[in-house]
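Undergrad: Submitted below is the structure of interest, expressed as structure tokens.
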Amino acid sequence: MSQPWRHPVKIADALSGTLQRLGIESRMRQHEVWRVWPTVVGPQIARHAEPHSFRHGRLIVHVTDSVWLHHLSMMRHRLAAALNERLKPAEVREFVLRIGEISPSMGPAPPPSSPSEIEGETDPARIAEIETALAPLGDAPFRDTLRRLWLRASRESTKPSDLSRQRPRR
């Protein structure tokens, strides 16, 4: 005897029902973290931090070094809130940071910063000296700021001061 025809259903509804019956729907929602991570945290953070594991609301994120560990520890509550906003229903209850392995980024490298007016007024040899000194920092979050400050200080130190233009007192 043949079974009666059932009404057609959307594949998304059928898949959702199957995942619920198998008891793995919440695990599938948790894996959504890996998909939304780069868009939630942005490309710079995504190059230095990535989700490692996620179980029972506890997201463990590996970071490249202690600088990023400190930087992201200050932002962990905002990052968890942003992830929960995208995940719906909220899944991240605890955000744990650890120094660990990061997979190579598949995204494009950030565009090089455009030459600033400060560079235009600074001796190219001095710029090369500053770049060499900052090279060990890699692309630490504060590197660009330190570079701009150093270039500005170099430019300021080469300008004649207003005091030197004044006539000496007699």
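Undergrad: Among the residues of segment 83-90, are any at pLDDT 80 or above, in the same structural domain as Pro43 (by TED's automatic domain parsing) and in a loop (DSSP other than H, G, I, E, B)?
TA: no
Undergrad: Quick one: count up the residues across segment 46-77 that are within 13 Å of the chain's Cα centre (by Cα) and basic (Lys, Arg).
TA: Here the count works out to 2.
Each row is one residue, and each column tells you yes or no for (1) modelled with pLDDT of 90 or more; (2) farther than 21 Å from Arg35 by Cα; (3) among the basic types (Lys, Arg).
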site	(1), (2), (3)
Gly57	no, no, no
Ser73	yes, yes, no
Ala80	yes, no, no
Leu134	no, yes, no
Pro141	no, yes, no
Thr145	no, yes, no
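The values are calculated or read from the model by the stated rules, or taken from the named source; none is laboratory data. Quick caveat: nothing in here was measured; it's all calculated off a predicted structure.
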